[in-house]
1. For each pair in 199/224; 27/351; 67/89; 157/408; 37/224; 224/395, compute the distance between the two Cα atoms and list the pairs where it is over 20 Å.
2. In square nanometres and to one decimal, what's the mean projected area of the convex hull around the Cα atoms of the range 126-233?
3. Plugging the Kirkwood radius over Cα pairs into Stokes-Einstein for the range 81-151, at a temperature of 4 °C and a viscosity of 1.567 mPa s, what D comes out in µm²/s?
4. Can you give the percent of C-alpha pairs in the range 320-402 whose distance is more than 21 Å?
5. Express the C-alpha Rg of the range 27-169 as a ratio against the empirical globular expectation 2.2 N^0.38 Å, rounded to two decimals.
6. Measure out, as a whole number of angstrom, how far apart the alpha-carbon centroids of the range 67-100 and the range 366-399 sit.
7. Just add up the charged neighbours of residue 184: K/R +1, D/E -1, any other residue whose Cβ is under 14 Å from the Cβ of residue 184.
8. Taking all pairs of distinct Cα atoms, average 1/r, flip it, and tell me the Kirkwood hydrodynamic radius of the range 66-122 in Å to one decimal place.
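The values are calculated or read from the model by the stated rules, or taken from the named source; none is laboratory data. Because the structure is a prediction, the values reported are computed rather than measured. Cβ: placed from backbone, ideal geometry, glycine included. Neighbour counts: every protein chain shown. To get the accessible areas, we keep the full protein, side chains included, count just its heavy atoms, and leave off ligands, DNA and RNA. Shrake-Rupley method; radii C 1.70, N 1.55, O 1.52, S 1.80 Å.
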Amino acid sequence: IVGEHLRICPQGYTCCTSEMEENFANKSRSEFEAMMKEAGRSVQTTLTAQYRSFDSYFQDLLNKSEKALYDAFPSIYGELYTQNMKVFKDLYSELRRYYRGSNINLEEALNEFWTRLLERLFKLLNPQYHITDEYLDCMVKHAEQHKPFGEVPRDLKVKATRAFIAARSYAQGFLVGSDVVKKVSQVSLSHECTRAIMKLMYCPHCRGMSSVKPCNNYCLNVVKGCLANQADLNTEWKYLMDSLVGVADRIDGPYNVDTVIGTIHMRIAEAISNLQENKDSLTAKVFQGCGNPKISTKGSSSEDKKRRGKATLEPKSSAQALEMLVLDAKGNLTALKTYWITLPGSLCSKKVMASSAADDKCWNGMTKGSYLPEVMGDGLANQINNPEVEVDITKPDMTIRQQIMQLKIMTNRLGNANIGNDVDFQDASDDMSGSGSGDSCPDDVCGKRLSKSPSTRQPETHAIPKQSGHGINGASSRSLPSAFLLLLSVAFIAAQHLWR
């Protein structure tokens, strides 16, 4: 029949009614959106699998270290352990909470552990004296300057802080990447794109050419126009992938989590041995500064011999497993770097089944023949002259702009993790963030936690960090004063209203 009633397909002779055209439009829309979600799910699956592998490995390291401590310490230290079991349990509990994203200052948590342990061990190592809480306060102040545990607390604090901050920011990076893909893949097609996709996929049917495939360049122009906003994720997405690779190198390098986390129990045993060896000189110095405590009627404990035992613990190494994890992650991250700009080509070749670019017997939007227009570039700004899709380049999709902001924030966090800084992020969800440090980073800088990291797992409402540098090397310089971040937030909200 004559196709004067058609609103999308060419109005020549057709076998489609208006109702059929509308049904095809709805069908093409749902099919294309399903293609987007399927492609996104593949990326989500990859990133989530990497997160789970690392999370399982890291949690296992902590569990093995804690179990080794619980298995060995009772026989080695007797009352030194049994009467202070809660101190050790609390330490591992705090370490897990920090890794999972709780609002914990890791340095303070470690300092608190050593203080509590010193108080309890000092009393047990001097059972002949009656030591009050007030005396313990004085003892701690005088003892700290004499390093009762040797260099272990300081060394462990620096190394563990770097390792934990890097580990939790690394884990969160995978979750944020997966969440961004999920949200972006659910963005609906515009009215103009629905028409263009329908014309690409089903108008040949209305012309009796159901076996004719769309021209490849024609398909690329349609899909690039429809996914112009998604392509604008490319820059920040690449920075996120590069940042994750950089932190992965740190985790399996300078901050080796296998060495640091897997030997926490050994470092504690070393610290206790140091205290035992220095007991007499430490006690004398404390007595000199705080005075002699009263003699206790309880006398010496029968456990004294056990308390002086030496710990001979073996490290629970899984270095090869870590190396394989990092290699696998880096391979996947590298493969995903160009996802957003290669997506149109992937959809056209694998899903739409477009014909060869040189084929002159393909569907060109009007009939069977060659397709002459050039292929547009990637991103919103390059669609101003797109011959197939009317794209308003002045109105970016706000959902996608928000996800670009999330990528910037996560990259900023990973960049800081790479050089030893912990960044303050304020949002409403759970956290897996953190930082680490480089080889040349001074201990007096890297050992300090710059701020508390509130509980946040996948960022939702952050301010945009300054984009003064990208990737691993430049990301750390993106941290901004909070007042300036607030101004950026206000400007961003104002821009949203203008775009709408």
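1. Numbers: 199/224 15 Å; 27/351 14 Å; 67/89 10 Å; 157/408 29 Å; 37/224 16 Å; 224/395 16 Å.
Those over the limit are 157/408.
2. On the way: hull surface 59.7 nm².
Value for the range 126-233: 14.9 nm².
3. Values: Rh = 13.4 Å.
Stokes-Einstein gives a translational diffusion coefficient of 97 µm²/s.
4. Details: 1804 of 3403 pairs.
Across the range 320-402, Cα pairs with separations above 21 Å total 53 percent.
5. Working: Rg = 22.7 Å, N = 143, 2.2 N^0.38 = 14.5 Å.
Cα Rg divided by the expected 2.2 N^0.38 Å: 1.56.
6. 62 Å
7. Values: positive: 37, 41, 182, 183, 401; negative: 33, 38, 179, 232, 236, 397.
Net charge in that neighbourhood comes out at -1.
8. Kirkwood radius, the range 66-122: 12.0 Å.
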